[in-house]
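The values are calculated or read from the model by the stated rules, or taken from the named source; none is laboratory data. Just so you know, these numbers come straight off a predicted model, no measurement behind them. Every residue, glycine among them, receives a Cβ derived from its backbone with ideal geometry; neighbour counts consider all protein chains shown.
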Amino acid sequence: MARRGGAPEVNAGSMADIAFLLLIFFLVTTTIETDAGLDRKLPPDEPPKDNVVIKQKNIFTVEVNKDNQLLVENELMELKDLRAAAVKFLDNGGGTGEKGEKCDYCKGARDPESSDHPNKAVISLVNDRLTKYSTYIAVQNELVAAYNELRNREAERLYGTDFTTMEADFNDPKTSDAVKDELKPKIERIQEMYPQKLSEAEPKKN
Amino acid sequence: MSKFNKKKSGDLPAISTASLPDIVFMLLFFFMTVTVMKDSSLMVQNELPYADQIQKLDKKDRVIYIYAGKPSERYQSTYGTSAKIQLNDKFADVSDVANYILAERAKKREELQNVLTTALKVDEETNMGLVSDIKQELRKVNALKINYTTKKGDAFRNMQK
């Protein structure tokens, strides 16, 4: 006959302890994942079919030595100038492209001594075995940035959006198929205007 | 008189802790949603370099991870300080990479086997020689789509160290 007024109240004082326990468990067993990076495609491991001759003026050589210094077109260069130099080379449009067409969207200097057409221009990256990975990534990043800068410019002119945003939308699994189908030809057109021709030679052995 | 005395007795009123569980649960749900379960414990130092032209990695079931870097401090006495490759939970040799990729690829569903990406999580102090060796191995087994996993940040920060 002690209590009458309904069920006794449950003591919730230990609820915080239980929640803390769970919290600490999740803090310990999980990580915040870094899930972004530079996407690259490796060349297939097969011998080249025929010797493709590329004119010297269509190749932009970037060398990184073991002291992480940059040699661009046989001149020493700081990393901060690399992006502008690459853009200048790719956007030159001094001659005619693969099918003999002129580059009518290039805004470069049209120097006959530099690249003929964006679809002929090749960037060649050579690194040493002792180059630091962080330097390599920084160089890769700048070269990708040069391509993205030009692609963004053309996407802005043709479609009024950035190329990088279009690409991110296209790769996003949440984007609906209809939107993807619409984006695909646009992305392909821009990629055709400035194809990413980034060749990596095997590193020099010292 | 006693009325006034009572007011003076200097005990602070107890702070109500009734909302404490709510706060902790909020934190708990935050961590449950933004983090993922660890699937392999890192045995190498893994300080990733910075880059800003990054693309998001594909869904997790389409990615094969390769870690590389110096062994972490507690393994340095056994494995030395030169950079090593970690596959799943073990240190491995360059020659093991190809077999690892083939084994991982065979584990995935058939429709995913052609769209796999290999994520290279390489410590920023590593020399390119090791990374090139890994890339050669990947070319041999035709795992051509790779992703250099990086932290988001200005690439020039890589050069300052």
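Being surrounded by 14 or more Cβ atoms within 10 Å (Cβ to Cβ) and within 14 Å of chain B (Cβ to nearest Cβ) holds for only one residue in A:D81, A:D169, and it is A:D169. For A:F20, the conditions (1) hydrophobic (A, V, I, L, M, F, W, C); (2) facing chain B (nearest Cβ under 7 Å); (3) touching a residue at least 40 places away in the same chain (Cβ under 8 Å) all hold with the exception of (3).
Name, by its number, the condition in (1) surrounded by fewer than 19 Cβ atoms within 10 Å (Cβ to Cβ); (2) out of contact with any helix residue (DSSP H, G or I) (no Cβ under 9 Å at 6 or more places or on another chain); (3) more than 13 Å from chain A (Cβ to nearest Cβ) that does not hold for B:A92. Status for B:A92: all satisfied but (2). Does at least one position in the stretch A:134-146 carry a residue that is over 30 Å from B:Q45 (Cβ atoms), within 13 Å of chain B (Cβ to nearest Cβ) and modelled with pLDDT of 85 or more? Checked the stretch A:134-146: at least one residue is over 30 Å from B:Q45 (Cβ atoms), within 13 Å of chain B (Cβ to nearest Cβ) and modelled with pLDDT of 85 or more.
Has the stretch B:105-117 got at least one residue that is among the polar types (S, T, N, Q), more than 22 Å from A:N127 (Cβ to Cβ), within 21 Å of the chain's Cα centre (by Cα) and part of a loop (DSSP other than H, G, I, E, B)? No, that holds for no residue.
Note on the stretch B:28-49: among residues that are under 15 Å from A:F25 (Cα atoms) and surrounded by 15 or more Cβ atoms within 10 Å (Cβ to Cβ), the one that is modelled with the highest pLDDT is B:L28.
Within the stretch A:65-73, can one find any residue that is more than 14 Å from chain B (Cβ to nearest Cβ) and farther than 24 Å from A:R151 by Cα? Yes, there is a match, as at least one residue in the stretch A:65-73 is more than 14 Å from chain B (Cβ to nearest Cβ) and farther than 24 Å from A:R151 by Cα.
Residues satisfying the criterion are present in the stretch B:50-70 (criterion: in a strand (DSSP E or B) and at pLDDT below 85).
Only helices (runs of 4 or more DSSP H) whose full extent lies in the stretch A:126-205 are considered here, and the ones with at least 2 residues that are under 30 Å from B:E124 (Cβ atoms) and in contact with a helix residue (DSSP H, G or I) (Cβ under 7 Å, 6 or more places away or on another chain) are A:133-159, A:163-171. When each of A:N92, A:N58 is tested for being closer than 22 Å to B:Q53 by Cβ, of a type in the set (S, T, N, Q) and more than 14 Å from chain B (Cβ to nearest Cβ), the lone residue that passes is A:N92.
For the stretch B:120-161, the set of residues classified as hydrophobic (A, V, I, L, M, F, W, C), under 11 Å from A:I137 (Cα atoms) and in a strand (DSSP E or B) consists of B:V122 only. Scanning the stretch B:146-158 for residues that are surrounded by fewer than 19 Cβ atoms within 10 Å (Cβ to Cβ) and either facing chain A (nearest Cβ under 7 Å) or among the hydroxyl-bearing types (S, T, Y) (or both) turns up B:K151, B:K152, B:F156. Looking for something within 12 Å of chain A (Cβ to nearest Cβ), among the charged types (D, E, K, R) and in contact with a helix residue (DSSP H, G or I) (Cβ under 7 Å, 6 or more places away or on another chain) - is there at least one such residue anywhere in the stretch B:104-121? Looking for residues that are within 12 Å of chain A (Cβ to nearest Cβ), among the charged types (D, E, K, R) and in contact with a helix residue (DSSP H, G or I) (Cβ under 7 Å, 6 or more places away or on another chain), one finds none in the stretch B:104-121, hence no.
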